[in-house]
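Data first, discussion second: the structure below is written as structure tokens.
The values are calculated or read from the model by the stated rules, or taken from the named source; none is laboratory data. Bear in mind the structure is a predicted one, so any value in this text is a computation, not a measurement. Glycine gets a Cβ as well: all are built from the backbone with ideal geometry, and neighbour counts include every protein chain shown. These accessible areas exclude ligands, DNA and RNA; they are computed on the full protein's heavy atoms, side chains included. Shrake-Rupley method; radii C 1.70, N 1.55, O 1.52, S 1.80 Å.
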Amino acid sequence: MQDKKILCPSILNLPIMHIAEEVTKLDKTDMDIFHVDIMDGTFVPNFGMSVRELQMIREITDAGNKKLIDCHMMVMNPHRYIQMIAEAGADIIYIHPESELIPSATLELIQRHGKKTGLILNPSTSLEMVKDMLPITDYVMIMAVNPGFAGRSFMPYTRQKFVDLHTYRSEYNLSYHLVLDGGATKEVISDLYHNCGVEGFVLGKQELFFQEDDYETCINRIRLY
Ligand code: DX5
Ligand code: ZN
């Protein structure tokens, strides 16, 4: 039987004025993990959220339904911030392998803080580059858009990487979760879930935000894709 989908609303899509109230609404639905994009303006040409937003989301969900929070670290040398991010309340910390000279040491640091480890592969990052670290990785997120901005479209050439990471996982009997970040439409979610072994989906404007239906209806609908 296939794993249940892991649904991860991308908070970057929310207008900053309404983050608290919208997160409170999302927390009441059957979503799984709040996805928080942290950017330094150097690793990607944009600024995203920071520790304060992370702390706020932590407070809201701790008082509510105790959802998980992941941090997508689009920063250079993220090892400098792991303690800060862990203390602010992230449950899963994703790093890009290119952002560190020794990414495996950063994954180990994340583990020492008692958090789940995540690796994020850009469209140009190969399986070969990360395969030695997969045994110590809990979540592998594959970007189907170039990182740094919400609202971009799924790039079809990235599909093969989902297939490869799924095949590699079974071949080597590994247990990481596979997650999509970027361009999650109905068609993409359905294809990756049913055909490519992907269980996690970062959700943006295409299926979750600024829809006619409320969050609960959207989340329940995505579960059926
Ligand atoms: C982009 C971010 C994403 C973004 C996903 O760099 O990492 O989390 O929100 O894309 P959308 O929202 O367009 O699906
Ligand atoms: Zn992201």
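Assorted remarks:
- The label point for Arg112 and the one for Met84, both projected 7 Å from the Cα toward the Cβ, are 1.8 nm apart.
- Computed over neighbours whose Cβ is under 12 Å from that of Asp37, the net charge equals -4, Lys and Arg +1, Asp and Glu -1.
- Accessible area ranking (1.4 Å probe, heavy atoms, ligands and nucleic acids excluded), largest first, for Ile60, Ile102: Ile102, Ile60.
- The antiparallel fraction among DSSP beta bridges confined to region 6-223 stands at about 0%.
- Between amide H atoms placed 1.01 Å from N, distances below 5 Å from Asp37 occur with Ile11, Leu12, Met49, His72, all of them 5 or more places distant or on a separate chain.
- To the nearest 10, the accessible area of Asp32 is 40 Å² with a 1.4 Å probe.
- Per residue accessible area in Å² of the chain, where ligands, DNA and RNA are left out and the probe is 1.4 Å: 46
- Computed extension length for Leu101-Asp191: 28.9 nm, one decimal, from 0.36 nm per residue of separation with the Cα-Cα distance subtracted.
- Reachable lysines, given that their alpha-carbon falls under 21 Å from the alpha-carbon of Lys25 and they are not under 8 places away in the same chain: Lys5, Lys66, Lys67, Lys205
- Among the lysines of region 87-189, pairs at least eight places apart or on separate chains and with Cα atoms under 24 Å apart come to 5.
- Taking all Cα-Cα distances within the chain, those exceeding 31 Å account for 13%.
- Per-bin percent of Cα-Cα distances, region 126-211 [10 Å]: 17, 51, 27, 5, 0
- Using heavy atoms of the protein chains and a probe of 1.4 Å, the accessible area assigned to Ser104 is about 40 Å².
- Pairwise centroid distance, computed over Cα atoms, of region 171-225 with region 26-45, Å: 15
- Remark: spin-label model distance Ser50-Ile16 equals 0.9 nm, labels positioned 7 Å along the Cα→Cβ axis.
- Close amide H contacts of Leu121 (hydrogens built in the peptide plane, cut-off under 5 Å, sequence separation of 5 or more or a different chain): Met141, Ile142, Met143.
- Segment Asn173-Ala63, length gained on full extension (0.36 nm per residue, minus Cα span): 35.8 nm
- Subtracting the Cα-Cα distance of Lys28 and Arg152 from their residue separation scaled by 0.36 nm leaves 41.9 nm.
- Taking the accessible area of region 4-46, probe 1.4 Å, and keeping the other protein chains in place, the carbon and sulfur fraction comes to 60%.
- Sum of -39500 (n - 2.57) over DSSP H runs of 4+, divided by residues of the chain (222 nm, nearest 500): -9500 deg cm²/dmol
- Separation of alpha-carbon centers, region 47-73 and region 98-151, rounded to whole Å: 20
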